[in-house]
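J.: Input: one structure, supplied below.
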Amino acid sequence: MILLAEDDEDNRQIMRMLLEMRGYGVLEAADGQAAVEMARRSPPDLILMDLKMPVLNGLAATRAIRQSGDARLRRVPVVALSAYDPSHHRQVAAAAGCDDYVVKPVDYERLETLIDNLVGRAHALAMNETAGAKPAPGNLAH
């Protein structure tokens, strides 16, 4: 299940449709606070987090998720979605706890590959943690 946190309804509908066409289940949140609450109720496999949202922006929402007491939620991959210039905002997103950064308009082929890689990595980390291994560092620095 993918949690899509995006305040623009048109963007949310298009992304939901494209994700569902590719076989993903999608939960939607129109602001950062709703995204945090939804993620706490039922940790998704991945979160697509718009950075500029009302109530709680995507960076603050990601920090809240990363500071959760629920270990399952803390290891959910978070992908920042933004029209902001990635040269500066990629580092800011990484510092907040995002695993990767996708620039809008979204390249959906790249996004699908990224989702598959991050969800697979998250499942492998969960298995390793269960077996007592330490998790590998995130991959946002590229």
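J.: Normalising by the residue count of the chain, find the relative contact order in percent from Cα pairs under 8 Å and 6+ residues apart.
T.: 19 percent
J.: Now for a separate question. Work out Dmax and Rg for the chain from the C-alpha atoms and quote the Rg first, both in angstrom.
T.: 13.9, 43
J.: As a test of the formula, what do you get for the chain when each DSSP H run with n ≥ 4 contributes -39,500 (n - 2.57) and the sum is divided by the residue count, at 222 nm and rounded to the nearest 500 deg cm²/dmol?
T.: -15500 deg cm²/dmol
J.: Using the Cα centre of the chain as the reference point, and only Cβ charges (+1 on K/R, -1 on D/E), how large is the resulting charge dipole? Debye, rounded to the nearest 20.
T.: 640 debye
J.: Turning to a different aspect of this structure: For Asp116 and Ala71, what does the FRET efficiency come to when R0 = 22 Å and r is the distance between their Cβ atoms, rounded to the nearest 0.05?
T.: 0.45
J.: At 0.36 nm per residue, and after removing the present C-alpha to C-alpha distance, how many nm does the segment from Lys104 to Gln13 gain when stretched out fully?
T.: Contour length minus the Cα-Cα distance gives 31.3 nm.
J.: Moving on. Once fully extended, how much extra length lies between Arg22 and Val92, figured as 0.36 nm per residue of separation less the alpha-carbon to alpha-carbon distance?
T.: Result for the pair: 22.2 nm of gain on full extension.
Every read-out reported here was derived from the displayed coordinates using simple, explicitly stated rules and does not represent laboratory data. Just so you know, these numbers come straight off a predicted model, no measurement behind them. Quick reminder, even Gly has a Cβ in these numbers, built from the backbone with ideal geometry, and neighbours come from all protein chains shown.
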